[in-house]
Amino acid sequence: MKKSFLFFGILFFSIAAFSQADTTAPYLKNKTVPNFILLSLDSIAFTQSVLKENKNTIIMLFNPSCGHCQQQLELLLTLPEVTNTTNLILTSSEPLYKIKEFYDKYHLEKYNWIHIGKDHKYFFGGFYRPKTIPVLAFYNKQKQLTYFNQGNVKKKEIIQALEK
């Protein structure tokens with residue numbers, strides 16, 4: 001009886017030890033701009049190849065109807081530190097028509113440094129594992145992650161993140 005109890009005890013604990021998977025979010029393992037594929041508003045796939053060289057990159061996960069996301073974009077559009085030095089990727093998993101309404105509301109066609117698209121494969125959700133939105137990931141000119149935040153980011157933090 002003692003031997004069988006011991007056997008099953010060891011078996012249980014060894015299975016438990018092997019079943020612990022790595023729960024680290026991928027963005028913490030790979031701190032470079034991820035390889036992504038988004039659908040543009042005209043349903044054409046685009047990748048990180050749209051990013052202009054020698055510029056910082058901000059990836060923002062958003063929901064078109066989220067007030068915090070709208071406020072965050074409005075702030076980003078007012079900062080010369082962003083508008084003059086940055087590629088901005090806006091990505092949402094919402095339907096394309098909602099993303100298009102957001103695009104039209106903010107007249108994003110005026111900004112050639114902004115790329116907006118639908119995350120049709122839900123890549124960024126798995127990559128960043130957000131608990132809230134907006135999510136902002138800042139990458140420097142060398143494509144290395146310098147700052148990550150879930151929720152709104154203040155002007156001072158944005159400027160500091162871009163200086164890294």
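Taken over segment 88-107, residues that are farther than 14 Å from D42 by Cα and either among the small types (G, A, S) or surrounded by fewer than 20 Cβ atoms within 10 Å (Cβ to Cβ) (or both) amount to 6. A single entry from L76, L39 fulfils the requirement of being farther than 17 Å from G125 by Cβ and touching a strand residue (DSSP E or B) at 6+ places or on another chain (Cβ under 7 Å): L76. For segment 80-107, a residue qualifies if it is of a type outside the set (D, E, K, R), within 20 Å of the chain's Cα centre (by Cα) and over 17 Å from L136 (Cβ atoms), and the qualifying residues are P95, L96, I99, Y103.
Let's see how each residue does on (1) in contact with a Leu (Cβ under 8 Å, 6 or more places away or on another chain); (2) charged (D, E, K, R); (3) over 22 Å from D22 (Cα atoms); (4) surrounded by 13 or more Cβ atoms within 10 Å (Cβ to Cβ):
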{"position": "G117", "(1), (2), (3), (4)": "yes, no, yes, yes"}
{"position": "H120", "(1), (2), (3), (4)": "yes, no, yes, yes"}
{"position": "P130", "(1), (2), (3), (4)": "yes, no, no, yes"}
{"position": "P134", "(1), (2), (3), (4)": "yes, no, yes, yes"}
{"position": "K143", "(1), (2), (3), (4)": "no, yes, yes, yes"}
{"position": "Y147", "(1), (2), (3), (4)": "yes, no, yes, yes"}
{"position": "K156", "(1), (2), (3), (4)": "no, yes, yes, no"}
{"position": "L162", "(1), (2), (3), (4)": "no, no, yes, yes"}
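When L145, L61 are screened for being touching a residue at least 60 places away in the same chain (Cβ under 8 Å) and in contact with a Gly (Cβ under 9 Å, 6 or more places away or on another chain), only L61 passes. Just one residue in the set I114, I159, I133 is in contact (Cβ under 8 Å) with a residue 24 or more places away in the chain, among the aliphatic types (A, V, I, L, M) and more than 25 Å from S40 (Cα to Cα); that residue is I159.
FYI, it's all coordinate maths here, none of it is from the lab. Since we're looking at a predicted model, the values are computed, not measured. Note: ideal-geometry Cβ built from the backbone for every residue, glycine included; neighbour counts use all protein chains shown.
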